[in-house]
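Each value in this text was obtained by applying a stated rule to the coordinates, not by laboratory testing. Predicted model only: the values in this text are computed from it and were never measured. Here the Cβ positions follow ideal geometry from the backbone for every residue, glycine too, while neighbour counts run over all protein chains shown.
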Amino acid sequence: MGGRDSDYAMAFMDDLKSRLANRVQLTSDGHRAYLEAVEGAFGGDVDYAQLVKLYGNAPESMKGRYSPAECIGARKERIEGSPDPAHISTSYAERQNLTMRMQMRRFTRLTNAFSKKFENHMHMVALYTVWYNFVKMHKTLRMTPAMASGVTDKLYSMADIAEMVDATLPKPGTRGSYKKSA
């Protein structure tokens, strides 16, 4: 989570690199900030391409709205290494973003669920991510993603998640504890 500037792109790529054990093929959109960020995090140890979407002119009736112009095509650009052209795609990331927006209305502008405070937004995205990976049974997997990847063999409930959150909070009367108001 964060902005679309080069500092956030570098932090994101550094975090991604720290979580990987092997060389990967990476595809990003055409955002320029990723060029330097991928190079800084991976050096030449990545097969990297960009999928650059091409947009037509926005019709006069759409001007001033949130919707972008119509996508009329996409161009695949090899940036580093030897990415397999058949796997240059942003579909998985775009599908995950759509799923998150549809299941968590905090991303939808002009609704009363839209996050107004960034800190609350971060907490909700973290909670959603835990729910999606540890609580939600996925029909195609017939289990949670955490179970499918071997992270756990247990199906968690929201009560389990709430108990884990409570266990990490400071106990009343200790440093860092909070007082409930009357």
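Taking a ≥ b ≥ c as the square roots of the Cα gyration tensor eigenvalues, the range 6-89 comes out prolate, since a/c reaches at least 1.5 and a/b is larger than b/c. In angstrom, the C-alpha Rg and Dmax of the chain are 20.5, 63.
Axis of helix 118-130 versus longest Cα principal axis of the chain: the two differ by about 90°, to the nearest ten degrees. The length gained by stretching the chain between Lys53 and Met143 to full extension, at 0.36 nm per residue less their Cα-Cα distance, is 29.0 nm. Pairs of lysine residues in the range 94-168 that meet both criteria, 8 or more places apart or on different chains and Cα atoms under 29 Å apart, total 4.
The gain in end-to-end length when the Tyr92 to Lys76 segment is fully stretched comes to 4.2 nm, 0.36 nm per residue minus the alpha carbon separation. The GluC sites (Glu not before Pro) of the range 4-85 that DSSP puts in a loop, and whose beta carbon has at most 13 other beta carbons within 10 Å, are Glu70. Helical runs assigned H by DSSP (4 residues or longer) give the chain a calculated mean residue ellipticity at 222 nm of -10500 deg cm²/dmol, each run adding -39500 (n - 2.57) before division by the residue total. About the centre of its Cα atoms, the range 94-168 shows a dipole size close to 500 debye [charges on the beta carbon of Lys, Arg (+1) and Asp, Glu (-1) only; nearest 20 debye].
Need one word for the range 94-168: rounded, prolate or oblate. Basis is the Cα gyration tensor (sqrt eigenvalues a ≥ b ≥ c); a/c below 1.5 gives rounded, then a/b vs b/c decides. Verdict is oblate for the range 94-168.
With a Förster radius of 22 Å applied to the beta-carbon distance between Ala167 and Arg19, the computed FRET efficiency rounds to 0.30.
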